[in-house]
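Following: one structure in structure tokens, then a few remarks.
The values are calculated or read from the model by the stated rules, or taken from the named source; none is laboratory data. A quick note: this is a predicted structure, and the numbers were derived from the prediction, not measured. Cβ atoms come from the backbone with ideal geometry, glycine included; neighbour counts cover every protein chain shown. Side chains are part of the model used for accessible areas, which takes the heavy atoms of the whole protein and leaves out ligands, DNA and RNA. Shrake-Rupley method; radii C 1.70, N 1.55, O 1.52, S 1.80 Å.
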Amino acid sequence: MLRSILMFSLITLQTMAMALSPAVLSDVSLIPKPVSVIPANGTFKLTDKSAIFVTVESPEVKMIGKYLADKLNPATGFGLEVKTATGDHYAGNIYLFLSADAQLGNEGYQLTINAEVVTLTANKPAGLFNGIQTIRQLFPSNIEMASKQQGPWELQAGTIRDYPEYAFRGVMLDVARHFFQVEDVKRSIDLMAAYKMNVMHLHLSDDQGWRIEIKKWPKLTAIGGSSQVGGEKGGFYTQEQYADIVKYAAERYITIIPEIDMPGHTNAALASYPELNCNGKATKLYSGTKVGFSTLCTKKEITYQFVADVFGELATLTPGPYLHIGGDESHVTKLADYIPFVNRVQDIVAATGKQVIGWDEIALSTLKPNTFVQFWAKAENASKGVKQGAKVIMSPAANAYLDMQYDATTTLGLHWAGYIEVDKGYNWDPATFVPGIGKENILGIEAPLWSETITNMKEIEYMFFPRLPGYAEIGWSAPAGRSWDEYKVRLGSQGGRFKALDINYYPSKLVPWAVEK
Ligand code: TNX
């Protein structure tokens, strides 16, 4: 009896302690989990006298400082400014600087906090940007609020050293089935950046709509852009808008990958240009959700002119190294036509100077060096890719599809690959998922959100959260340090941040949601 009372009060005390501000750096819940956190004594206090100092005259580092100021100023009300440091460090300030530290790589950082100053260092600006995401999470959740909040704004002392497991940590947004405004894409980018993800793949064309202006083929958007699932009016990005998304992403160290799906999933293009069809007749616009019924005419020369023009314009607009050619579910393209088509399209993309990514079916063709295979359905295809020397992006539908429902009560989304509760989304390791495909064969992970049932930003958020932080952690943190039982507590601590950021999230019963204060 006494024993159980003691146990009970211990657990209560523990729970209470968790709900209060952590007194030690290593008790702060960070996602993704850093490589190492070494606590020290002391507390840094941000005040209205604080400033953010950059120690090199670099416009890029200054911009990162400005990004941090913009994150901290609304809730603190401090109006922190970015200044150039001369050498000495003065108490109360945050210092950002570049310095050589090979172990940290291109994206890692070291964050040192003591009672006087916060010092963030990295080899590259991307590392500083990632370190800033950690600084955000070290402050209380209401740092994310858009209006002035009550402090104090304190950080516990210690040192964090951190760098990613995989170089490619992505999310895909299907803007073809339902179209999403530039503002929605930008908010999605902000939400993934907060968890150190660095790739946004945009699924820009499908049977239901064509979403990117191509100057040489204007009817793609004039006709193909007009529809979407459900029959409402679609939409498209002008090249200026697309460039604006690319720039916004780049400022957050996120690479945009544009996908034009082919030879299947092309009804919007086939409805826009009769000459892309083997029978020379335009198809009707499509607003249903079936897959696998359309194909470009792989035997016509005009098809390859079309492909070259589209990827040519996209390559010019896209600074990132990749163009995605789709290649999935081309059920009405004969394999004997599919293989030479994919082979030729790879050459067309290579001629633009970009590298090809395609869904796992493309491994049926002869892969060129630097072609990447995105595993979503068939392990056998992914293995075929690896045997040809290709690296794989891991997006297994049963674990990583953000459009899969959480459980049978979820109203949005699909469940053809099963339900993906938050634990199932988290509990897998890319490096052991497919026998014979190890870490050395893997570029990284990507969680796709298909939008047959998703129509607005709040619905995007509901499918993203709370699974997205888990995918971010799978991509960033070493598998040896990961377990669902430990992770779910850290995820529960993010609840306050989701609220502060006005994220519409699924409050999974599997997660012990903690509310600060
Ligand atoms: C399969 S994943 C598809 C998409 C659908 C998705 C729905 C892939 C390469 N193809 O066309 O939108 O399932 O979950």
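I'd like to know if the stretch 488-502 contains one or more residues that are part of a helix (DSSP H, G or I), open to solvent by 20 Å² or more (accessible area, probe 1.4 Å), of a type in the set (Phe, Trp, Tyr) and not assigned by TED's automatic domain parsing to the domain that holds Asp207.
Within the stretch 488-502 (the criterion being part of a helix (DSSP H, G or I), open to solvent by 20 Å² or more (accessible area, probe 1.4 Å), of a type in the set (Phe, Trp, Tyr) and not assigned by TED's automatic domain parsing to the domain that holds Asp207), the answer is no, since none of the residues qualifies.
When you scan the stretch 442-451, do you find a residue that is part of a loop (DSSP other than H, G, I, E, B), surrounded by fewer than 21 Cβ atoms within 10 Å (Cβ to Cβ) and within 15 Å of the ligand (Cβ to nearest atom), even just one?
Within the stretch 442-451 (the criterion being part of a loop (DSSP other than H, G, I, E, B), surrounded by fewer than 21 Cβ atoms within 10 Å (Cβ to Cβ) and within 15 Å of the ligand (Cβ to nearest atom)), the answer is no, since none of the residues qualifies.
Quick check on the stretch 333-367: of everything there that is open to solvent by 60 Å² or more (accessible area, probe 1.4 Å) and basic (Lys, Arg), which residue is nearest to Glu301 (Cα to Cα)?
Arg344
Among the residues of the stretch 368-377, count how many are surrounded by fewer than 24 Cβ atoms within 10 Å (Cβ to Cβ) and more than 23 Å from Ala472 (Cα to Cα).
Looking only at that region, the number is 3.
Would you say Lys424 is within 23 Å of Ala193 (Cβ to Cβ), over 18 Å from the mean Cα position of the chain (by Cα) and part of a helix (DSSP H, G or I)?
no
Only one of these is modelled with pLDDT of 95 or more and crowded, with 22+ Cβ neighbours inside 10 Å: Ala176, Ala167. Name it.
One residue alone meets the criteria, Ala176.
Check the stretch 385-403 and report whether any residue there is near the ligand (Cβ under 10 Å from one of its atoms) and touching a His at 6+ places or on another chain (Cβ under 8 Å).
Within the stretch 385-403, none of the residues are near the ligand (Cβ under 10 Å from one of its atoms) and touching a His at 6+ places or on another chain (Cβ under 8 Å).
Just name the residue that is farthest from the ligand (Cβ to nearest atom) out of those in the stretch 267-315 that are open to solvent by less than 10 Å² (accessible area, probe 1.4 Å), within 24 Å of His178 (Cβ to Cβ) and among the hydroxyl-bearing types (Ser, Thr, Tyr).
Looking at the filtered set, the residue picked out is Ser272.
Would you tally the residues in the stretch 51-86 being free of Cβ contacts under 8 Å to residues at least 12 places away in the same chain and open to solvent by 50 Å² or more (accessible area, probe 1.4 Å)?
3
How many residues are assigned to a helix (DSSP H, G or I), of a type in the set (A, V, I, L, M) and at pLDDT below 50 if we restrict to the stretch 8-48?
Result for the stretch 8-48: 7.
Could you say whether any residue in the stretch 203-222 is under 30 Å from Thr119 (Cβ atoms) and either touching a Ser or Thr at 6+ places or on another chain (Cβ under 6 Å) or away from the ligand (no atom under 16 Å from the Cβ) (or both)?
no
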